[in-house]
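Asks: Input: one structure, supplied below.
What follows draws every value from the coordinates through simple rules; no lab data is involved. What you see is a predicted model; the values in this text were computed from it and never measured. Cβ placement follows ideal geometry from the backbone for every residue including glycine, while neighbour counts extend to all protein chains displayed.
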Amino acid sequence: MKILLLTLLFVLSSCSYQDKEKHSYPIEKIFYSSKNIFGFENIFGENLYTQDDVEIFGVLHFPDNYDPSRKYPLVIASHGSYNWRSHHLKYLEQIRLADFIVFAMHPFDSRNVKSTVGNQINVTSETVIYDMAMSLNLLWEDPRIDNQKIYAAGWSLGGTATLFNAWLPLQKELNKPGVSFAGYLMWYPGCLALPDLDLWDQDLLQIYIGEDDNWTPAEPCVDLVKKINLEGGNASIELYPNSFHSFDGPMPLRLIPDAYSWANCKLKLNSESKKVYDPNNKLLDFSDPQLRRQAYESCATKGEVMAGASPEYKNAAFEHLALLLPKLN
């Protein structure tokens, strides 16, 4: 039976990544092909083939009492700029226990990167966007998966990857014919450098974000949800007052001195050239690593980012998701 169209290497694993955590349920580690992408325009057309190839991996986590004779809904998930953290894993376990298969992407571990905080170049947002699209194509024809119920999920950087996978021109470019996510779950995504053409998937798009987030600001996410719904979409945002980035995380609210605040950035994505630009600074270049850092620092600033748990809303997204998951299964 033809399970996958891509060249793959399947490896059954006892969860050898990161903390070597042991599991009482089946898991499967999968290696597959992706790329290292610099410049959003390099996801498209012939430019894509000038970008470096890389082998990456992800791990399938199966539900308890997994039945190989049936198909399961799937959530493809990616972490934020600090890699997988305990609060992310809490959600993954919540989803798995709701009778989903979970595919945990490992864009950092695959590339021997621990964090992108204060860097944002060692693994770019475009790279994780592309990784997520390749993960969807990878698993679309897997007979264990109900491919009409494959959802994207992500936190911060992973949330940004989730969001851009909902942009229809990117789907047309990267996805196999007929392949698309059935919905998108995002925690504090970067609603930054958004396309100047609002062509978004009309399936469920759910955002969880703190109102005072100054790492990935909430206001452009609020505006985007309004635009999508005006076009007939199904977008929703849970906005938590007096809450910052990682409002649901394990650490108390604190200053993150190395993180970039994007609160003053007005970047856009040109829907024709597919290049990120600043209307007030046409000379920025995001396709070159050194010039990219200069582009970031033209509007982003360090030393201002606050992040950490909200005493009032720490569990709010978890509780909201608990009500949402039965509707997705």
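Asks: Assuming a ≥ b ≥ c are the square roots of the Cα gyration tensor eigenvalues, decide whether the stretch 250-329 counts as rounded (a/c under 1.5), prolate (otherwise, with a/b larger than b/c) or oblate.
Replies: Oblate is the answer for the stretch 250-329, as a/c is 1.5 or above yet b/c matches or exceeds a/b.
Asks: I'd like to know which of Leu163, Ser236, Pro220 lies farthest towards the positive end of the charge dipole of the stretch 141-254, counting +1 on Cβ of Lys and Arg and -1 on Cβ of Asp and Glu.
Replies: Leu163
Asks: Separate question: Work out the length of the dipole vector of the stretch 248-328 about its Cα centre, built from +1 on the beta-carbon of each Lys and Arg and -1 on the beta-carbon of each Asp and Glu, and round it to the nearest 20 debye.
Replies: On the way: 11 positive and 10 negative charges, 43 e Å.
Result for the stretch 248-328 is approximately 200 debye, rounded to the nearest 20.
Asks: If you scale each eigenvalue of the Cα gyration tensor by 5 and take the root, what three semi-axes come out for the stretch 66-178, rounded to whole angstrom and sorted largest first? Mind dumping the intermediate values first?
Replies: Values: eigenvalues 111, 66, 23 Å².
Value: 24, 18, 11 Å, ordered largest first.
Asks: If you take the charge dipole of the chain about its Cα centre, with +1 on Lys and Arg Cβ and -1 on Asp and Glu Cβ, which of Ile30, Leu323, Leu255 is farthest toward its positive end?
Replies: So the residue furthest toward the plus end is Ile30.
Asks: Straight-line reach only, C-alpha to C-alpha below 17 angstrom: list the aspartates and glutamates that Lys226 could link to, leaving out same-chain residues fewer than 8 apart.
Replies: Hits, sequence-local ones excluded: Asp196, Asp198, Asp201, Asp203, Glu211, Glu238.
Asks: Something else: Cα atoms only, the chain: Rg and Dmax in Å?
Replies: 18.6, 57
Asks: Cut-off 10 angstrom, C-alpha nodes, Gaussian network model of the chain. Which of Ala77, Ala153, Ala193 fluctuates the most?
Replies: Comparing Ala77, Ala153, Ala193 in the GNM, the peak value goes to Ala193.
Asks: Provide the per-residue ³J(HN,Hα) series for the stretch 278-292, in order, calculated from phi with Karplus coefficients 6.51, -1.76, 1.60 and θ = phi - 60°, each as a whole number of Hz, with x at glycine and proline positions.
Replies: So the J values, rounded to whole Hz, are 10, x, 9, 8, 6, 8, 5, 9, 9, 8, 10, x, 6, 5, 5.
Asks: Now for a different question. Listed highest first by mean packing, meaning other Cβ atoms within 10 Å per residue, what order do 127-139, 24-36, 81-93, 312-324 come in?
Replies: Working: 127-139: 24.3, 24-36: 16.7, 81-93: 18.2, 312-324: 15.2.
The most tightly packed comes first, giving 127-139, 81-93, 24-36, 312-324.
Asks: What residue among Ile43, Ser81, Asn65 has its Cα farthest toward the positive end of the dipole of the chain, where the charges are +1 on Lys, Arg and -1 on Asp, Glu, each on the Cβ?
Replies: Final value for the positive-end residue is Asn65.
Asks: About the Cα centre of the chain, what is the dipole size in debye to 20, counting +1 per Lys and Arg Cβ and -1 per Asp and Glu Cβ, all else neutral? Before the final figure, lay out each step's value.
Replies: On the way: 29 positive and 40 negative charges, 89 e Å.
That gives a dipole near 420 debye.
Asks: Got a sec to turn the phi values of the stretch 64-73 into Karplus ³J(HN,Hα) couplings, 6.51 cos²θ - 1.76 cosθ + 1.60 with θ = phi - 60°, whole Hz, x for Gly and Pro?
Replies: 4, 6, 4, 10, x, 8, 10, 9, 10, x
Asks: Answer rounded, prolate or oblate for the stretch 177-329, using the Cα gyration tensor with square roots of eigenvalues a ≥ b ≥ c: rounded when a/c is under 1.5, else prolate when a/b is larger than b/c, else oblate.
Replies: Working: a/c = 2.23, a/b = 1.13, b/c = 1.97.
Oblate, since a/c reaches 1.5 and b/c is not below a/b.
Asks: Which entries in Lys71/Lys149; Lys35/Lys282; Lys176/Lys227; Lys227/Lys268; Lys90/Lys314 show an alpha-carbon gap greater than 18 Å? If you can, show how the numbers build up before the last one.
Replies: Working: Lys71/Lys149 10 Å; Lys35/Lys282 27 Å; Lys176/Lys227 27 Å; Lys227/Lys268 15 Å; Lys90/Lys314 12 Å.
Beyond 18 Å: Lys35/Lys282; Lys176/Lys227.
Asks: May I ask you to derive the FRET efficiency for Thr301 and Lys90 from their Cβ-Cβ distance with R0 = 30 Å, giving the value to the nearest 0.05?
Replies: On the way: r = 31 Å, r/R0 = 1.04.
Calculated value: 0.45.
Asks: What does the charge dipole of the stretch 182-267 about its Cα centre add up to, to the nearest 20 debye, if the Cβ of each Lys and Arg holds +1 and the Cβ of each Asp and Glu holds -1? Each step should come with its number before you reach the end.
Replies: Details: 4 positive and 13 negative charges, 30 e Å.
Its charge dipole is roughly 140 debye.
Asks: Report relative contact order for the chain in percent, whole number only (criteria: Cα-Cα under 8 Å, sequence separation at least 6). If you can, show how the numbers build up before the last one.
Replies: On the way: 730 pairs, mean separation 51.1, N = 329.
Here the relative contact order equals 16 percent.
Asks: Tell me which residues come under 5 Å, amide H to amide H, from Ile237 once H is placed; ignore anything under 5 positions away on its chain.
Replies: Ile207
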